[in-house]
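What follows draws every value from the coordinates through simple rules; no lab data is involved. Bear in mind the structure is a predicted one, so any value in this text is a computation, not a measurement. Counting neighbours? That spans all protein chains shown, and the Cβs are built from the backbone with ideal geometry, glycine included.
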């Protein structure tokens, strides 16, 4: 996993409205802008924050990504996703 590319994508999704809009409209096309492999893109597309953190992606970026992009935007759901990924 190229952590730098993933973190740039997550940063953009956390702070740029146009990035969030593009991701919501067509996640595949949006993620194609970044140097991500298929596994990285799938982890982002599927909001698999546990997999991202297991690969040393910043927890601050994964939480920001979740809170700004996940349909539920729930802190409890975020924590449950992290716990489920650790099993």
Filter result for residue 13 (within 23 Å of residue 74 (Cβ to Cβ) and surrounded by 16 or more Cβ atoms within 10 Å (Cβ to Cβ)): yes
Among residues of the range 41-66, those that are free of Cβ contacts under 8 Å to residues at least 40 places away in the same chain and either in contact with a helix residue (DSSP H, G or I) (Cβ under 9 Å, 6 or more places away or on another chain) or under 17 Å from residue 4 (Cβ atoms) (or both), counted: 16
Residues within the range 46-61 that are surrounded by 18 or more Cβ atoms within 10 Å (Cβ to Cβ) and under 14 Å from residue 15 (Cβ atoms), tallied: 1
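For the range 26-44, name all the residues that are part of a helix (DSSP H, G or I) and crowded, with 18+ Cβ neighbours inside 10 Å.
Step one: filter the range 26-44 for residues part of a helix (DSSP H, G or I), giving 27-31, 38-44.
The answer is 30, 31, 40, 41, 43, 44.
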